[in-house]
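The values are calculated or read from the model by the stated rules, or taken from the named source; none is laboratory data. All values reported here derive from a predicted model rather than from experimental measurement. Heads up, the Cβs are rebuilt from the backbone with ideal geometry, glycines too, and the neighbour counts pull from every protein chain shown. Each accessible area value is taken on the protein alone, full model and side chains, heavy atoms only, with ligands, DNA and RNA left out. Shrake-Rupley method; radii C 1.70, N 1.55, O 1.52, S 1.80 Å.
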Amino acid sequence: MAEAARRLVRSVVAGGPVLASGNVWPIVARATVKYSRPRLATFWKYARVELSPPTPGEIPVAVESFKGLVASFKAGSYKQITVKDSMRNALVAAEVLMWFYIGEVIGRGSLIGYNV
């Protein structure tokens, strides 16, 4: 990533005369597109797989997985979790709650309550 940022800076610096004339936007736009295109391609590659809704065949697998999680909790296997794993699980839970909260704020249109 640092190399791409250096290339972006080099392309802007190379356009010194254009910068002096005040017409910098074509250079910045070109450099931004060149920098962003491979990263967006990677993002979309993973987004198509990870952000797609579950297929009907995946739902029973998820239900069985949840049943296994409940059974292991009842058996007391949570007592064998290391501190590192428990902290990781707590951070994931906090992230999920924060994304929910951010969605609520966006949906309401304000940080404080609903307009009733």
TODO: Write out the trypsin sites (Lys or Arg not before Pro) in the range 73-114 meeting two conditions: DSSP loop, and at most 11 other Cβ atoms within 10 Å of their Cβ.
DONE: none
Task: Spatial separation of Cα centroids for the range 54-74 and the range 75-116, in angstrom - done: 21
Open item on the list: Rolling a 1.4 angstrom probe over the protein chains, ignoring ligands and nucleic acids, what is the accessible area of VAL96 in square angstrom, nearest 10?
Closed with: 90
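May I ask you to list the chymotrypsin sites (Phe, Trp or Tyr not before Pro) in the range 21-115 that are in a DSSP loop and have at most 11 other Cβ atoms within 10 Å of their Cβ?
Working: sites: TYR35, PHE43, TRP44, TYR46, PHE66, PHE73, TYR78, TRP99, PHE100, TYR101, TYR114; in loops: TYR114.
Counting only loop positions with at most 11 other Cβ atoms within 10 Å, the chymotrypsin sites (Phe, Trp or Tyr not before Pro) in the range 21-115 are TYR114.
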TODO: With the cut-off at 12 Å, report for the range 38-82 the share of all Cα pairs above it, as a whole percent.
DONE: 72
Open item on the list: Solvent-accessible area of LEU40, probe 1.4 Å, all protein chains present, reported in Å² to the nearest ten, please.
Closed with: 90
Open item on the list: Cut-off under 21 Å on the C-alpha distance; same-chain residues fewer than 8 positions from LYS79 excluded. Which lysines are left, in chain and number order?
Closed with: LYS67
